[in-house]
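This report refers to the structure that appears directly beneath it.
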Amino acid sequence: MLTAIINFSLRNKFLVLAATAALVLGGIYSLRKIPLDAIPDLSDTQVIIYTEWPGQAPQIVQDQVTYPITTKMLSVPSAKVVRGYSFYGFSFVYVIFEDGTDPYWARSRVLEYLSGLSGSLPTGVSPRLGPDATGVGWAFMYSLNSKNHDLAQLRSMQDWFLRYQLASVDGVAEVASVGGYVKQYQITVDPHRLHAYNLSIAQVAMAVQRSNGEVGGRSVEMAEKEFILRVKGYVSSVEDLRKVAVGTGPGGTPILVGEVANVGLGPDMRRGVAELNGEGETVGGVVVVRYGVDTRQVIHSVKERLDQAMKSLPEGVTYSIAYDRTALIDRAVRTLKEKLIEESIVVALVCLLFLMHLRSSFVAIVILPIAVLASISIMFGQGLSANIMSLGGIAIAIGAMVDAVIIMIENAHKHLEHDGGKKPHWDIIRDASIEVGPTLFYSLLVITVSFLPVFTLQAQEGRMFKPLAFTKTYSMAAAALLSITLAPVLMGFFIRGKIPPEEKNPVNRFLIWLYHPVLDLMIKFRWWVIIAAAITVGWVFFPWNAIVARVLPDGGFKDVALKAGKAFPYQNLGSEFMPPLYEGDLLYMPTTFPGISPTKARELIQQTDQIINSFPEVHHVFGKIGRAESATDPAPMDMIETT
């Protein structure tokens with residue numbers, strides 16, 4: 001069958017080249033459209049239920065909000081873990097689903113079960129779902145800066161303008177605010193005045209609530225024209241609140257809120273503080289990227305929209321980028337490009353050095369990027385993103401991908417050397433391809449299936465390494481297919497002219513001179529070679545430390561024996577779940593004592609940011625203590641996160 005494929009390819013050269021051109025165009029399209037990210041998403045499929053109940057203690061929130069929601073979510077289909085957390089004034093419930101569950105199906109099931117909880121929760125408490133994002137959704141953070149505006153004004157700009165501008169960008173799940181002061185009307189009641197007027201706090205609260213609204217009436221016809229009646233009552237200033245009537249005094253005189261309380265503007269209770277470069281508080285924004293989108297493109301669109309939106313803000317307001325994942329994504333993609341170029345250069349040099357024929361190297365150089373484009377096309381069709389692990393699979397496969405082509409080129413040189421001038425050129429190429437092509441195809445298939453055990457990994461291990469296994473498998477499969485279709489055609493076009501004999505190459509002569517004596521020596525003393533190899537394997541993998549720990553009693557002799565275990569390499573290698581990632585951004589996450597006040601928290605984070613920013617290698621520091629206004633951030637006030 002493989003021989004027939006090679007013959008078909010050589011008889012239909014135009015068809016093979018046209019199919020290759022279509023494959024290249026499809027690969028280029030996939031390369032431009034494939035989602036780009038830094039690392040694969042290792043998080044489970046989860047749905048976050050966030051519930052606010054202002055002013056309530058954690059135990060009350062746990063008993064009346066978190067517990068009913070948690071018990072209800074236990075019966076959601078495919079849910080494997082349900083976790084609930086209660087804080088002062090709000091509740092988090094995490095519903096974690098089995099691997100492979102579609103996140104939007106999971107969200108619809110959670111909403112379905114939440115609809116049956118309305119009668120079990122306190123009045124006015126309404127749970128809502130967190131954004132459709134994952135644990136790696138925090139892809140972009142920024143801070144607002146101004147010398148002419150205070151923190152309350154900056155927070156208002158963030159909450160009422162920038163947040164909605166950025167939330168409209170395609171791929172953004174949520175824009176969370178952190179730091180600054182949320183402006184609110186505050187009524188401070190004087191108990192002595194209430195007692196003098198014989199009023200209660202409940203009456204004041206009811207009066208304020210009833211006064212803040214509008215009422216529509218009927219229509220009135222006057223002079224052949226219709227007028228709609230309405231009563232305007234929304235509070236728009238502090239003075240409006242002061243004039244709200246709470247009750248009546250002697251003689252029917254109205255008692256106003258301003259007579260029994262002090263009314264003014266003030267900040268809401270803060271659960272998060274943001275700081276920049278150790279210079280003082282700031283207002284920040286966190287862009288949470290939606291599940292499954294092109295993170296790099298979304299961040300690029302967010303930057304463009306942010307630049308446009310800043311033009312509408314008052315003069316003197318600027319922004320600083322606190323965290324941007326595109327730098328890591330670009331470095332990961334640039335690494336693959338560099339490795340492809342380096343590999344192409346090495347292939348060309350190897351072919352030139354051993355075959356002394358430059359045009360022959362073009363066969364391998366052309367096939368290598370085509371196989372990569374073919375694997376990227378399959379990745380795009382499967383919905384995989386281009387990240388460090390998936391691109392790493394291609395980088396691992398690059399070395400083996402060109403082996404078959406180089407061997408076919410070398411075999412074609414041999415045939416041309418022996419049969420040149422005796423047979424037509426294309427017949428020589430056909431004989432050379434049929435001689436080694438099927439064997440090389442099956443050898444590449446063996447390498448292709450060598451990663452099949454990786455596909456059995458589950459949970460985080462599977463999400464981490466399956467992209468690498470997929471892309472390596474696709475690259476090797478593409479290289480195997482191209483080796484029996486495109487490679488013979490390209491060899492027929494490029495391998496022409498004078499082919500120098502192998503024995504005239506000084507490099508080949510030296511290696512052959514070195515190889516034969518060594519091979520003869522190894523065969524002559526074959527049993528000693530086998531024994532030496534077995535001893536080496538035993539020495540490398542011998543579990544010395546495990547035996548010493550199990551057999552010897554505690555004491556000085558055991559300590560000496562454990563130190564001697566450093567002579568056995570494998571047991572001293574150590575292990576990590578994933579290799580070090582030099583992202584260029586560091587996250588510093590200490591914790592303080594519980595119950596720290598916002599004022600002390602602000603002082604502490606400014607001090608730590610000043611220390612970190614004092615290092616010359618540090619470009620900028622963005623510190624956050626407490627939580628951002630997002631369901632994806634349950635951090636308490638005693639947790640510091642400095643980027």
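The values are calculated or read from the model by the stated rules, or taken from the named source; none is laboratory data. None of the values given here were measured: they were computed from a predicted structure. Quick reminder, even Gly has a Cβ in these numbers, built from the backbone with ideal geometry, and neighbours come from all protein chains shown. Just so you know, the surface numbers come from the protein's heavy atoms only, side chains and all, with ligands and any DNA or RNA stripped out. Shrake-Rupley method; radii C 1.70, N 1.55, O 1.52, S 1.80 Å.
Cα convex hull, the chain: 308 Å³ per residue, rounded to a whole number.
Residues whose amide H lies under 5 Å from that of Ala261, counting only those 5 or more places away or on a different chain, are Asp190; hydrogens are built 1.01 Å from N in the peptide plane. Any aspartates and glutamates with Cα under 19 Å of the Lys414 Cα? List them, leaving off those in the same chain fewer than 8 positions away. Excluding near neighbours in sequence, the set is Asp403, Asp427, Asp431, Glu435, Glu502, Glu503.
Mind giving me the FRET efficiency for His192 and Asn212? R0 is 41 Å, r the Cβ-Cβ distance, nearest 0.05 is fine. Working shown, then result.
On the way: r = 26 Å, r/R0 = 0.63.
With R0 = 41 Å, the Cβ-Cβ based efficiency is 0.95.
Where q = 0.18, 0.20 Å⁻¹, what log10 of I(q)/I(0) comes from the Debye formula for segment 22-156, counting one point per Cα? Taken in order of the listed q values, log10 I(q)/I(0) reads -1.01, -1.11. Placing a label point 7 Å from the Cα of Ser75 along the Cα-to-Cβ direction, the residues of segment 88-126 with a backbone N closer than 20 Å are 93-98, 106-122.
Distance cut-off 25 Å, Cα to Cα: go down the list Lys13/Lys466; Lys13/Lys472; Lys337/Lys472; Lys147/Lys624; Lys339/Lys466; Lys337/Lys624 and report the pairs above it.
Details: Lys13/Lys466 36 Å; Lys13/Lys472 28 Å; Lys337/Lys472 16 Å; Lys147/Lys624 21 Å; Lys339/Lys466 21 Å; Lys337/Lys624 36 Å.
The answer is Lys13/Lys466; Lys13/Lys472; Lys337/Lys624.
Whole-Hz Karplus values for segment 468-479 come out as 5, 5, 4, 5, 5, 5, 5, 5, 5, 5, 5, 5 Hz, taken residue by residue from phi with 6.51 cos²θ - 1.76 cosθ + 1.60 and θ = phi - 60°; glycine and proline positions read x.
Near Ser78, no amide H atom lies under 5 Å from its own; only residues 5 or more places off or on other chains count, and H is placed 1.01 Å from N. Averaging 1/r over each pair of different alpha-carbon atoms in segment 406-551 and inverting the result gives 19.9 Å, the Kirkwood hydrodynamic radius. Legend: residues His357, His195, sorted from most to least accessible area (1.4 Å probe; ligands, DNA and RNA excluded), read His195, His357.
Between Leu129 and Tyr234, what length in nm is gained on full extension when 0.36 nm per residue of separation is reduced by their alpha carbon distance? Can you show the working numbers first?
Working: separation 105, 0.36 × 105 = 37.80 nm, distance 2.98 nm.
Gain on extension, Leu129 to Tyr234, equals 34.8 nm.
Just subtract the alpha-carbon distance of Gln610 and Thr335 from 0.36 nm times their residue separation and send over the number in nm, one decimal.
Values: separation 275, 0.36 × 275 = 99.00 nm, distance 3.40 nm.
Length difference between fully extended and current span is 95.6 nm.
Apply 1/(1 + (r/R0)^6) to the Cβ-Cβ distance of Lys600 and Glu315, taking R0 = 41 Å, and write down the FRET efficiency to the nearest 0.05. Don't jump to the answer; show the numbers that get you there.
Numbers: r = 35 Å, r/R0 = 0.84.
Once rounded, the FRET efficiency stands at 0.75.
Average projected area of the Cα convex hull of segment 474-520, in nm²? The partial results should precede the final answer.
Details: hull surface 22.4 nm².
Averaged projected hull area, Cα only: 5.6 nm².
Distance between the pseudo-spin-label points of Tyr442 and Arg11 (7 Å out from Cα toward the beta carbon): 2.4 nm. Close amide H pairs (under 5 Å, H built 1.01 Å from N) link Val235 with Gly213, residues at least 5 positions away or on another chain.
Relative to one another, the C-alpha centroids of segment 5-32 and segment 262-297 are positioned 52 Å apart. When His192, His425, His413 are compared by accessible surface with a 1.4 Å probe, the order from highest to lowest is His192, His425, His413. With R₀ fixed at 45 Å, the C-beta to C-beta distance from Thr536 to Ala348 puts the FRET efficiency at about 0.80.
Across segment 548-556, computed HN-Hα scalar couplings (Karplus, 6.51 cos²θ - 1.76 cosθ + 1.60, θ = phi - 60°) run 5, 5, 7, 9, 7, x, 4, x, x Hz from first to last residue, x flagging Gly and Pro. Modelled label positions at Met222 and Lys414, each set 7 Å beyond Cα in the direction of Cβ, lie 10.7 nm from each other. Phi-derived couplings, Karplus 6.51 cos²θ - 1.76 cosθ + 1.60 at θ = phi - 60°, listed residue by residue for segment 225-236: 9, 9, 10, 8, 8, 8, 9, 7, x, 5, 6, 10 Hz, with x used for Gly and Pro. Note on segment 140-185: Cα-Cα pairs beyond 12 Å make up 61% of the total pair count. Straight-line cross-link reach from Lys72 at under 17 Å between alpha-carbon atoms covers these lysines, not counting any fewer than eight positions away in the same chain: Lys80. Each label was represented as a point 7 Å from its Cα along the Cα-to-Cβ direction; for Lys422 and Val449 these points are 3.8 nm apart. Roughly how much of Thr599 is accessible, in Å² to the nearest 10, using a 1.4 Å probe? Number for this one is 90 Å².
Please label the shape of segment 151-257 as rounded, prolate or oblate, based on the square roots a ≥ b ≥ c of the eigenvalues of the alpha-carbon gyration tensor (a/c under 1.5 means rounded; beyond that, a/b larger than b/c means prolate, else oblate). Intermediate values should be presented prior to the final figure.
On the way: a/c = 3.50, a/b = 1.29, b/c = 2.72.
Oblate, because a/c is 1.5 or more while a/b does not exceed b/c.
Taking a straight line from the alpha carbon of Lys303, these lysines sit under 18 Å away, with near neighbours fewer than eight places off in the same chain left out: Lys311.
Once all protein chains are placed together, Asp44 keeps about 50 Å² accessible to a 1.4 angstrom probe. One Cα centroid belongs to segment 39-81, the other to segment 163-180; the line between them spans 23 Å.
Once all protein chains are placed together, Lys558 keeps about 30 Å² accessible to a 1.4 angstrom probe.
When all protein chains stay in place and ligands, DNA and RNA are ignored, the 1.4 Å accessible-area order of Asp99, Asp520, largest first, is Asp520, Asp99. When only alpha carbons of segment 1-77 are considered, Rg and Dmax amount to 28.9, 81 Å.
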